[in-house]
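Data block below; observations after.
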Amino acid sequence: MNFFRRTRPALIALLLPSLLFAAAPDRPLQQENAQLIVVITSDWDAPAGSLQRFERIDGQWQSVASAFPVTVGKNGSAWGLGLHEPQAVGPRKEEGDGKAPAGVYDVGKAFGYAPALDTKLGYVPMTDTDWCVDVNDSPLYNQIVSTREVGIDAVEDSSEPMRRDQHLDGDQLYREGFIIKHNPANQPNAGSCIFAHLWRAPGKATAGCTAMDSADMHALLQWLDAAKKPVFVLLPAPEYRRLRKPWQLPQLKD
């Protein structure tokens, strides 16, 4: 008991930073998140922005590569459902609104057309039977499923074949990409099938995903490591400035 009493102040001092980190309200990033992708747009209506990546080194976010251009939703962005708490001001993401979900999200597995891919993120090769269901009233909403398991009728009204090359005249958008874990509870009408994928052409916006050049995607997938629990952040610049300190986000270079 005497030993505990003597060492308790030191133990409290040692544990206090981590306790405060865990207890702070609306702080979606955790100390275990060691990789961070940040996409910044100019405002809520902007269909394009830039992507930067960071690693937590000695407890601080450090930039590990130059920023590169990306596109987002053709109608800009809106608050989605992820690791962050709901925000009082700003548009809300809905199914079919052409907006990318703003906020903080876990990064899911990589996917693509090839049998294998050079990434530590974990990779799922897609087949012509794989679909992401974007039908609001489906019990499979916002899930990637195989018609071999659920039947072709289960994806009848879905518009998201994962092998777009085979279903949509050679389309290459999903040749390489990764899942952004938006709407993890699969809430109807809150937005579905959100990915980072290749763009159709430089500057060409999406239906709600984040798109980029194939060389940039390749470098990003080689860097991402599931063991480092990567997180994806998308915010308009004014919201990033407002939330940078409370969310403990990195200072961005101009």
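The values are calculated or read from the model by the stated rules, or taken from the named source; none is laboratory data. In this text, all values refer to a predicted model and were calculated from it rather than measured experimentally. Neighbour counts run over all protein chains shown; Cβ positions are idealised from the backbone, glycine included. Please note that ligands, DNA and RNA were not included when accessible areas were found on the heavy atoms of the full protein model with its side chains. Shrake-Rupley method; radii C 1.70, N 1.55, O 1.52, S 1.80 Å.
When D97 is tested against (1) part of a strand (DSSP E or B); (2) open to solvent by less than 40 Å² (accessible area, probe 1.4 Å); (3) touching a Gly at 6+ places or on another chain (Cβ under 8 Å); (4) acidic (D, E), just one condition goes unmet, and that condition is (1). Restricting attention to region 140-161, the residues that are under 30 Å from K228 (Cβ atoms), assigned to a strand (DSSP E or B) and either under 19 Å from the mean Cα position of the chain (by Cα) or not small (G, A, S) (or both) total 3.
Scanning region 70-94 for residues that are open to solvent by 50 Å² or more (accessible area, probe 1.4 Å), over 26 Å from H218 (Cα atoms) and charged (D, E, K, R) yields a total of 3. Which pairs have Cβ atoms under 7 Å, sit 6 or more apart or on different chains, and link a residue in region 129-142 that is touching a residue at least 12 places away in the same chain (Cβ under 8 Å) and on the phi > 0 side of the Ramachandran plot to one that is assigned to a loop (DSSP other than H, G, I, E, B) and open to solvent by 30 Å² or more (accessible area, probe 1.4 Å)? Partner pairs satisfying both residue conditions: N142/N186. Applying the condition of being outside any strand (DSSP E or B), within 14 Å of M217 (Cα to Cα) and of a type in the set (A, V, I, L, M, F, W, C) to region 100-121 and asking which residue is least open to solvent (accessible area, probe 1.4 Å) yields L121.
In this structure, is Q62 more than 16 Å from the chain's Cα centre (by Cα), surrounded by fewer than 17 Cβ atoms within 10 Å (Cβ to Cβ) and part of a strand (DSSP E or B)? When the stated conditions are applied, Q62 passes them. Would you check if D137 is in a loop (DSSP other than H, G, I, E, B), in contact with a helix residue (DSSP H, G or I) (Cβ under 7 Å, 6 or more places away or on another chain) and surrounded by fewer than 16 Cβ atoms within 10 Å (Cβ to Cβ)? Judged against the criteria, D137 is not a match. Against the condition surrounded by fewer than 21 Cβ atoms within 10 Å (Cβ to Cβ) and touching a helix residue (DSSP H, G or I) at 6+ places or on another chain (Cβ under 7 Å), how does D216 come out, does it pass? Against the criterion (surrounded by fewer than 21 Cβ atoms within 10 Å (Cβ to Cβ) and touching a helix residue (DSSP H, G or I) at 6+ places or on another chain (Cβ under 7 Å)), D216 does not qualify.
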